[in-house]
Amino acid sequence: MDFFQSQETLTANEWILRAIVAFFFLLIVARVLGQRAISQLRPLDFAIVLVIGNIIAHPLSDEHLGLKGSLITTIVLVVLYLIGIFSILKSPRLRKLITPTPITIVQNGEILTKGLKKARISIDVLLEELREEKIEDVKKVALAIWEADGKFSVFLDPKYEPLTPSTMQIKTDTFDFPKTIIKEGRILTDELNQIQKSEGWVVSRLENLYQAEVKNVLLATLDSKDTLKIFLYK
């Protein structure tokens with residue numbers, strides 16, 4: 001086919017065919033490389049991210065290259081990407097074909113060598129991932145899964161889970177997210193209006209509690225109990 005060869009010019013149809021061939025070729029490459037090589041990117045995302053920036057950059061930096069082919073190729077790739085996204089949402093079979101299934105690496109404290117080989121990772125990588133989760137002993141892991149985006153999902157054996165108020169049946173207060181009322185020496189009036197406080201009230205609290213002025217405050221927060229916390233410029 002002519003569109004495989006290097007040419008001075010290509011027709012619009014040849015540019016479209018070239019983009020389609022390249023897109024599916026990249027999907028195949030992504031699946032062959034495996035999750036480790038494209039960590040944090042799924043194959044469909046990998047295919048689109050890898051080429052679009054490169055496609056647009058060349059004609060912008062080389063005056064001898066026309067923009068027509070790059071624009072056509074980019075449009076075709078984006079359309080194929082969107083079609084792929086909607087297709088995997090509707091078709092479980094296609095989803096399984098394009099998106100790798102999660103791989104179990106550790107189960108009930110035992111390392112599964114078949115899982116390591118399938119994910120193409122070494123023991124060192126596994127131990128590194130566990131250390132990042134603050135886990136020093138594989139035997140404490142009930143389940144560790146290598147996800148399609150190249151990340152680990154780790155679940156501890158229940159007997160090694162940290163104690164929480166829920167497990168101790170201790171009653172706690174409801175979650176309260178403090179409001180930011182001062183940022184970089186400036187009072188945020190919109191936030192104050194939401195909690196029905198005035199600027200004068202803020203200035204007074206700053207002087208009484210911290211002997212500070214608004215201009216010297218990098219950050220100040222206020223919770224539902226009117227607890228004011230500040231961070232001064234240092």
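Of the listed pairs K114/K151; K179/K229; K90/K114; K134/K229; K139/K159, which have alpha-carbon separations greater than 20 Å here?
Distance filter (> 20 Å) returns K90/K114; K134/K229.
On a 1.4 Å probe surface of the protein chains, which of K90, K215 comes out largest in accessible area, and what is the full order?
K90, K215
Mind giving me the nanometre distance, one decimal, between the label points for N216 and T101, set 7 Å out from Cα along Cα→Cβ?
Simple spin-label model gives 6.4 nm for this pair.
Which whole-Hz ³J(HN,Hα) couplings does segment 111-125 yield from phi under the Karplus relation 6.51 cos²θ - 1.76 cosθ + 1.60, θ = phi - 60°, glycine and proline marked x?
Result, ordered by residue: 7, 9, 5, 4, x, 4, 5, 5, 7, 6, 10, 9, 4, 4, 5 Hz.
So if each residue of separation counts as 0.36 nm, and I subtract the Cα-Cα distance between L94 and K140, what length gain in nm does that give?
13.0 nm
The values are calculated or read from the model by the stated rules, or taken from the named source; none is laboratory data. As the structure is a computational prediction, the values presented were derived from the model and not from experiment. As a convention, Cβ positions derive from the backbone with ideal geometry for all residues, glycine included, and neighbour counts pool all protein chains shown. Surface accessibility is based on the protein's heavy atoms, side chains included, excluding ligands, DNA and RNA. Shrake-Rupley method; radii C 1.70, N 1.55, O 1.52, S 1.80 Å.
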